[in-house]
Ligand SMILES: [Zn+2]
Ligand SMILES: [Zn+2]
């Protein structure tokens with residue numbers, strides 16, 4: 001049987017030799033996601049495969065190196081056939097995470113690259129931010145308000161300081177002998193190479209848990225019920241978020257989103273309140289005085305004679321305060337004019353004589 005042929009660099013990345021740079025980059029990214037050691041921690045070859053992939057990419061993504069490879073093959077790339085090319089091997093790449101960060105903007109620890117945690121690894125409970133929301137009325141936006149919140153949250157276990165470990169409950173990791181890293185050797189078409197990676201057993205700490213904290217059962221946290229009073233300042237907008245430091249889980253923060261209920265009479269436009277009053281056709285013509293609701297009691301508003309349908313009148317300073325400033329907006333009153341649908345005979349006579357008078361005046 002023939003000796004196993006070294007794999008072609010194009011084949012490693014999974015593109016045709018005619019591929020352009022963007023195809024190479026795209027294929028490389030896809031492959032890197034598949035075989036990154038953090039994604040496939042159980043595959044002892046994953047680091048070797050990843051380095052091989054990176055090597056192929058380093059060569060093929062550099063037009064000059066690619067040309068050398070296309071002409072001379074690996075011999076050329078490794079500097080044997082072309083001395084001035086310089087040595088170029090695996091060790092020139094820096095750490096895997098450096099590379100990864102360069103390509104994926106440091107997406108470690110989240111999304112598809114979340115590492116699986118072993119239950120034996122010591123880890124500290126650090127908590128997280130907590131989000132909640134409260135609903136207030138528009139009247140409360142005017143005055144500001146307070147709400148008492150019942151919080152059920154996880155706090156760091158006092159007994160173990162959040163580590164989940166009983167006193168003296170840690171032992172040296174057998175897999176890495178406490179070094180936190182494991183060595184692997186791998187045969188590749190470049191020969192044998194050694195590599196080391198973070199110990200999957202202890203996560204690099206060199207220690208594993210032998211005995212868990214009895215108080216928290218090894219979780220590192222306990223549940224705590226508490227009440228907290230949240231003060232909502234006047235002028236908040238629907239969707240505003242209040243930050244309450246240190247009241248999330250563990251040392252995380254609490255975020256309270258304020259939702260403002262819709263109001264039966266008002267629409268809000270920043271600090272201004274919009275409402276509508278309807279007056280009769282005669283009232284609009286002659287002028288009148290109407291009742292207008294406000295957030296703290298009814299007001300009176302003069303409708304001047306000759307007010308047109310759809311015009312807006314302003315009641316100054318009766319709107320909402322600006323957040324943290326207190327300067328108040330206005331109530332904007334839109335005037336609707338209603339035309340009577342049915343007339344009594346008396347009303348009809350009056351309107352007819354009005355029309356007569358108007359005709360006489362305009363000569364129509
Ligand atoms: Zn504990
Ligand atoms: Zn270990």
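What follows draws every value from the coordinates through simple rules; no lab data is involved. The structure displayed is predicted, hence computed values, not measured ones. All Cβ positions, glycine included, derive from the backbone under ideal geometry; neighbour counts span all protein chains shown.
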Nearest-0.05 FRET efficiency for residue 345 and residue 316 at R0 = 45 Å, using Cβ-Cβ distance, is 0.55
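What does the highest-first list of 300-313, 197-210 look like by mean Cβ count within 10 Å? List each step's numbers first, then the result.
Details: 300-313: 13.1, 197-210: 19.4.
Result, highest mean first: 197-210, 300-313.
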Under 13 Å by backbone N from the virtual spin label 7 Å along Cα-to-Cβ at residue 300, the residues of region 261-288 are 288
Hull volume per residue for region 256-364, using the convex hull of the C-alpha atoms, in Å³ is 137 Å³
Between the alpha carbon centres of region 135-161 and region 319-364 the gap in Å comes to 48 Å
Residue 282 and residue 219 label points (each 7 Å along its Cα→Cβ direction) are spaced in nm at 7.4 nm
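Short version: what are the Cα gyration tensor semi-axes of region 225-311, square root of 5 times each eigenvalue, largest first, in whole Å?
Values: eigenvalues 402, 26, 15 Å².
For region 225-311, the ellipsoid semi-axes come out as 45, 11, 9 Å.
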